[in-house]
Amino acid sequence: GRQATFLSRKIFRAYGNYTLPICEKLKEQLSDVFNVHPDKMKVFRNCFDLDLIKPSQEIMKQKTVSFITRLSGPKGDLAYKLLEYISTRLNEFKDVKIQVVGGQVIPERFQKFTDQFEFRGFVENLEKVINESSVVIGSGRIAIETILLNKPLIAVGEACTIGLVNKDNLDFALASNFGDM
């Protein structure tokens, strides 16, 4: 992932003989900031066993937006801001179920949203959640799995927001790990 640029990280090399960044933007950072030689890196995206990924053919009756994220750290800050924004516009989403998936415990600051959104916490089978969704908001591995399951994706990561992923922005989405570097 994206590295904090502490001086100690620049002085004390801790990247081994060969580095596998998960996207091009991370490879750029490692090269530009930490002087890791580009020949000593290869982009290695999040992996999935494609034989196990099964898009659902079922048509969902309930329109469902699934925001799949952590509720702690920088992702938690981003989730809070997004839910705060959406909560002021819920009248635009009267027929839509909005669920938040992730996190073992709902942090105290998120409690004010529990009447407006369904908080599902940690879920074992994300593929099922994604298949039951009309659209997914996520980044990183969630984004890739969402695309593999042929569901619309709004890429929102802690590093950048891409929005609805389509063929025009897919290259940038991949290069930034869907905003989650």
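The values are calculated or read from the model by the stated rules, or taken from the named source; none is laboratory data. Everything quoted here is computed from the prediction, not taken from an experiment. Neighbour counts run over all protein chains shown; Cβ positions are idealised from the backbone, glycine included. Each accessible area value is taken on the protein alone, full model and side chains, heavy atoms only, with ligands, DNA and RNA left out. Shrake-Rupley method; radii C 1.70, N 1.55, O 1.52, S 1.80 Å.
Brief remarks follow.
- Residue ID - nearest to the chain's Cα centre (by Cα), chosen from residues in region 134-147 that are open to solvent by less than 10 Å² (accessible area, probe 1.4 Å) and among the aliphatic types (A, V, I, L, M): 143
- Scanning region 146-181 for residues that are of a type in the set (Asp, Glu) and assigned to a loop (DSSP other than H, G, I, E, B) turns up 158, 168, 180.
- Residue within region 106-129 that is open to solvent by 30 Å² or more (accessible area, probe 1.4 Å) and closer than 26 Å to residue 42 by Cα present: no
- Applying the condition of being surrounded by fewer than 15 Cβ atoms within 10 Å (Cβ to Cβ) and at pLDDT 90 or above to region 29-43 and asking which residue is nearest to residue 142 (Cα to Cα) yields 42.
- Failed condition for residue 144, given (1) over 22 Å from residue 117 (Cβ atoms); (2) in contact with a Leu (Cβ under 8 Å, 6 or more places away or on another chain); (3) among the β-branched types (Val, Ile, Thr); (4) touching a residue at least 24 places away in the same chain (Cβ under 8 Å): (2)
- Applying the condition of being within 24 Å of the chain's Cα centre (by Cα) and open to solvent by 60 Å² or more (accessible area, probe 1.4 Å) to region 1-26 and asking which residue is modelled with the lowest pLDDT yields 1.
- Identity of the residue in region 148-161, under 20 Å from residue 21 (Cβ atoms) and at pLDDT below 95, that ends up nearest to the chain's Cα centre (by Cα): 157
- Single condition residue 87 does not satisfy, out of (1) within 17 Å of the chain's Cα centre (by Cα); (2) over 27 Å from residue 170 (Cα atoms): (1)
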